[in-house]
Amino acid sequence: MEITENEIKRLASLSRLQFNDDEMQKIAEDMSSIVSYVNELQKIDTTSIQDNTTIREFCELRDDEVKESLPNEAIIGNAPKKINGYFIAPTVVE
Amino acid sequence: MEILNETIENISGLLKNKEISSVELVNASLKRIDETQNLNILHEVCRESAVEKAKEVDELRAKGAELSPLAGVPVVIKDNISMVGTYTTCSSKFLENYKSPYNATVVDKLQNAGAIIVGKANMDEFAMGSSSETCAFGVVHNPRNPEYVPGGSSGGSASTVAGNQCFASLGTDTGGSIRQPSSFCGVVGLKPTYGLVSRYGVVAFASSLDQVGPITKSVKDSALMLDVISGYDANEFTSAKHEPENYYENSFKNSIKGLKIGFAKEFVELLKNQEVLNSFMNAIDFFKANGAEIVDIKLPHIKDALAVYYVLSSAEAASNLARFDGIKYGVPTDEFKDLVDFYVQSRTKGFGKEVKRRIMLGNFVLSSGYFDAYYNKAKAVQNLIINEFSDAFKNCDVIISPTTPSPAFKIGEKVSNPLEMYLNDIYTVPVNIATLPAISLPCGVASNGLPLGLQIIGNRFSESKLFNLGDYFEKNCFNLREV
């Protein structure tokens, strides 16, 4: 299955990534060969499977209790830009 | 050097009898790390904290305290596991400056047992890769031959043990990332049952498949490590409420009589390498000659597990990596048009090629128009594979296969063809797809001088059976450390 450059552009936008022209061609080729490979799944009869969920026995919800969490500085400390205990993000509304 | 070649089992005896101190061990380990720096195994070495902790353990021991077998023993953790005072980079430029604000549960458990964490191991970026060549801080070299890859993604974790920098390490395994590098480096790697070991504080790749596990020099050491790191953790949503087993005390029976070992011809049909086939058939003959029963089982969809894996793991990776926006941590960007462009610039700059490829693939299979055809179909085939394993385990105790379809390959050999690289994981991936445990241990040496691995797969929570069979094989058939 061929993944076109237009399709790559759509996926790049969904992925918040950018590719230059050279990279575009290479990733289109790689994606095409990987998607052709995973396409083999379409041939498998899965009508016997009614329920697609897995790891059913897990995922127990915990009680909604207030607990002590990490100090602000520990978390904010990793931000490239910060001020007075807040993250600095690009302006969204002028 | 020689002391560093010992198992934890032996070394903890020496420590206990005060024939060696933990400070001496840690210094030997740090010296070895310096001597083998060219292999690019570790991203960070915890020199001062390691020596300090070793002194504490020695003092406790001098006072006659009852200590764990791991107390005072140098170990290494993969660089996607959080530890206060260290960076957790996942071998990605994106996290080059990211400092762990808290400890992963497995780090707390190791430290509570007195283990000395001496360093953090390089890996494939965000654990995506099978050769440790996608590491943003340079390729990791196989200590058995530096021209060859150590496997991946826990290539640093396997190399640090094989290269005698430490006695054991932690890796993570999403599709074979503990077992495949353990096989390539000639050490013992365990991927525990999904849910048995907490992943709290471990950077997620594909959450329904990821599992933390030990890499060691012997099977018994693997049991020692699992005793320390396993157990329920309320901080983790998928942690299993499984009673502690004391694997080291209870697993080893020194007999495999009557054990039913499953053999699936589908595994052999996938195999093209004669040396891998020969070493695998030797193992089967050995098991038969020692009283085990070889049972033919059918796993008809095992060959499809890899396609299932690439759909599911990429989909989960794309979602997990959506949080990397460059605001809370990551690469700062100064030139951007608007908020979305800020994300685009940060992510484009911060992520490497393979990570971008997986995010793109993940968003492809999750995007509208393709979700049913790819994601839902893969989940359905995953269930077929789970059912096939459940049926197989009605007739056998464990299932064996080679760990990898070939021994380690040369650095650069497969880097331009991602699909060929992915095929390395054909034997290991089904185990994650079915949430099972499996161990890889050395079972021979190929003509290129590099080790081959045997994989033993168990039913959920049957780690003790893997340990017993693996230890029996290591003691009576093949032990790479004695070759």
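The values are calculated or read from the model by the stated rules, or taken from the named source; none is laboratory data. Treat the numbers as computed from the prediction; the structure is a model and nothing was measured. Neighbour counts are summed over all protein chains in view; Cβ atoms, including those assigned to glycine, are modelled from backbone coordinates with ideal geometry.
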When you look at residue A:41, is it more than 8 Å from chain B (Cβ to nearest Cβ) and under 30 Å from residue B:193 (Cβ atoms), yes or no? no
Scan the range B:351-385 for residues that are among the polar types (S, T, N, Q) and more than 7 Å from chain A (Cβ to nearest Cβ) and report the count. 1
Considering the range B:209-233 alone, what residues qualify as being part of a loop (DSSP other than H, G, I, E, B) and under 17 Å from residue B:153 (Cβ atoms)? B:209, B:210
Every listed condition ((1) surrounded by fewer than 23 Cβ atoms within 10 Å (Cβ to Cβ); (2) touching a strand residue (DSSP E or B) at 6+ places or on another chain (Cβ under 7 Å)) holds for residue B:302 save (1)
Candidates A:17, A:61, A:70, A:11 - the one that is within 30 Å of residue B:379 (Cα to Cα), facing chain B (nearest Cβ under 7 Å) and not in a helix (DSSP H, G or I): A:17
Could you check the range B:445-468 and list, in sequence order, the residues that are crowded, with 22+ Cβ neighbours inside 10 Å and small (Gly, Ala, Ser)? B:453, B:458
Those residues of the range B:13-70 which are over 28 Å from residue B:155 (Cα atoms) and outside any loop (DSSP other than H, G, I, E, B) amount to B:13, B:14, B:15, B:16, B:55, B:56, B:57, B:58, B:59, B:60, B:61, B:62
I'd like to verify a number: residues in the range B:433-483 that are in a loop (DSSP other than H, G, I, E, B), within 22 Å of residue B:268 (Cβ to Cβ) and among the hydrophobic types (A, V, I, L, M, F, W, C), how many? 6
Considering only the range B:239-250, I want to know if a residue exists there that is more than 14 Å from every other protein chain (Cβ to nearest Cβ), more than 25 Å from residue B:88 (Cβ to Cβ), part of a helix (DSSP H, G or I) and touching a strand residue (DSSP E or B) at 6+ places or on another chain (Cβ under 9 Å). yes
Select from the range B:153-170 the residues that are touching a helix residue (DSSP H, G or I) at 6+ places or on another chain (Cβ under 6 Å) and under 23 Å from residue B:350 (Cα atoms) and write down the one among them that is surrounded by the fewest Cβ atoms within 10 Å (Cβ to Cβ). B:153
Suppose we keep only residues that are in contact with a Pro (Cβ under 6 Å, 6 or more places away or on another chain) and hydrophobic (A, V, I, L, M, F, W, C) within the range B:194-225. Which one would you say is surrounded by the most Cβ atoms within 10 Å (Cβ to Cβ)? B:225
What are the residue pairs meeting all of these: first residue in the range B:443-458, first residue within 9 Å of residue B:407 (Cβ to Cβ), second residue modelled with pLDDT under 95 and surrounded by fewer than 18 Cβ atoms within 10 Å (Cβ to Cβ), Cβ atoms under 8 Å, and 6 or more apart or on different chains? B:445/B:483
The residue from B:31, B:55 that alone is closer than 20 Å to residue B:71 by Cβ and free of Cβ contacts under 8 Å to residues at least 40 places away in the same chain is B:55
